[in-house]
Amino acid sequence: MGAQVRYGAVLFDLFSALLDSGALWSEVAGSAELGARWREESSRVAYSAGSYRPFVETVAEAARVAGVPPERAADLLRRMSGGLAPWPEAPDVLERLRERVRIGVVTNCSEGLGQRVASRVGVAFDVVVTAEAAGAYKPRPEPYLLGLEMLGVEPARALFVAGSPSDIDGARGAGMDVCWHNRRRLPLGGHATPLMELGSLEPLVELASS
């Protein structure tokens, strides 16, 4: 007999959980310190945005606060479209997961950028949900719930793979189990404790089956 499927779907954050985007922020900003500050501020601006605002606007606003020339926001998004690579094990893990469950992406960006970047992972997703399509940024519930609705999967039957601590809170609030792919070794802070903290995507294949 085959392995019993524990979940009906596994959904992923895109820019941290599946892709290594940190180096690009630093390269465009001009230093690792500025890049990390810009990326952190960009998340803060998006999380506080309420209804969706154009992604390039939130990134440019974050650049101003972080001390990066705001005009570099457009350059960052342009280079994201064609210059990001998945974590080394991601394509193989996702292909193996696809044999067991449906897979998808829920990401905080524009529709065009999200679709283009998701295609760079090299695996066919069942759904790619962007903040623009949902009308709100994570960790608000709308993006997660839209992904579940499009897949026809109840929250209790879905696993979300977060890329940041705030994503843990958001996906749990939408009713999903959550793993945290903490490749960057960030502190959890006051956020909810995930089901599992991962340094690699590899354990997800076993976790998806019980």
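Where a number appears in this text, it was derived from the coordinates with a stated rule and is not lab data. Since the model is a prediction, treat every value here as computed from it, not as a measurement.
Brief remarks on what is shown
- Amide H to amide H distances under 5 Å link Leu19 with Trp87, where only residues 5 or more positions off or on other chains count and H is placed in the peptide plane.
- Stokes-Einstein diffusion of the chain at 37 °C, 0.692 mPa s viscosity, Kirkwood radius from Cα pairs, rounded to a whole number: 193 µm²/s.
- Antiparallel beta bridges, as assigned by DSSP with both residues in the chain, represent about 15 percent of the total such bridges.
- Sequence-distant residues sharing a close amide H with Asp177 (under 5 Å, placed H): Ala158, Phe160
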